[in-house]
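Novice: Before I ask anything, here is the structure I am working with.
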Amino acid sequence: MRVRVPDRPNGRDDIVAALTGSYLFGALPGDVIAALAATATVRRLSRNEALFEPGDVADEIYQPERAAGMSPIVVATWAG
């Protein structure tokens, strides 16, 4: 799992806060969120860098966090 945290993360507490505040993970018990945070990694993307491409194997779960000034998440399809 990859989680986006503040530009200067203070460690697992920032990951726990991101997971706790998320729609997908927020309702989980604190011990479960802590276990997820312990195995999570942070990945920062450069401008126009793709997190994944169509056809990639779905072997991770992402909890995107949008920082100020960043573009929204966009999904392009053949249908437009």
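Novice: Can you tell me which residue in the range 31-44 is nearest to A17 (Cα to Cα), limited to those that are touching a residue at least 12 places away in the same chain (Cβ under 8 Å), exposed (fewer than 12 other Cβ atoms within 10 Å of the Cβ) and not polar (S, T, N, Q)?
Specialist: Just the residues of the range 31-44 that are touching a residue at least 12 places away in the same chain (Cβ under 8 Å), to begin with: 33-34, 36-44.
From what is left, the residues that are exposed (fewer than 12 other Cβ atoms within 10 Å of the Cβ) are 38-39, 41, 44.
Filter once more, so that each one left must be not polar (S, T, N, Q): 38, 44.
Numbers: A38: 13, R44: 17 Å.
Ranking the qualifying residues of the range 31-44, first place goes to A38.
Novice: Take the range 17-30 and flag every residue that is farther than 12 Å from E65 by Cα and either touching a residue at least 24 places away in the same chain (Cβ under 8 Å) or small (G, A, S) (or both).
Specialist: Of all residues in the range 17-30, those farther than 12 Å from E65 by Cα come to 20, 24-30.
L24, F25, G26, A27, G30 - these are the residues of the range 17-30 that are farther than 12 Å from E65 by Cα and either touching a residue at least 24 places away in the same chain (Cβ under 8 Å) or small (G, A, S) (or both).
Novice: Since R4 meets every condition but one in (1) modelled with pLDDT under 80; (2) touching a strand residue (DSSP E or B) at 6+ places or on another chain (Cβ under 8 Å); (3) exposed (fewer than 13 other Cβ atoms within 10 Å of the Cβ), which condition does it not meet?
Specialist: All conditions pass for R4, except number (3).
Novice: Something else about it: With the condition kept exactly as written, say whether any residue in the range 48-66 is part of a helix (DSSP H, G or I) and surrounded by 13 or more Cβ atoms within 10 Å (Cβ to Cβ). Before you say what the answer is, go through the steps one by one.
Specialist: Here is the first cut: in the range 48-66, the residues part of a helix (DSSP H, G or I) are none.
The answer is no; no qualifying residue exists.
The values are calculated or read from the model by the stated rules, or taken from the named source; none is laboratory data. The model shown is predicted, which means the values in this text are computed figures rather than measured ones. Cβ atoms come from the backbone with ideal geometry, glycine included; neighbour counts cover every protein chain shown.
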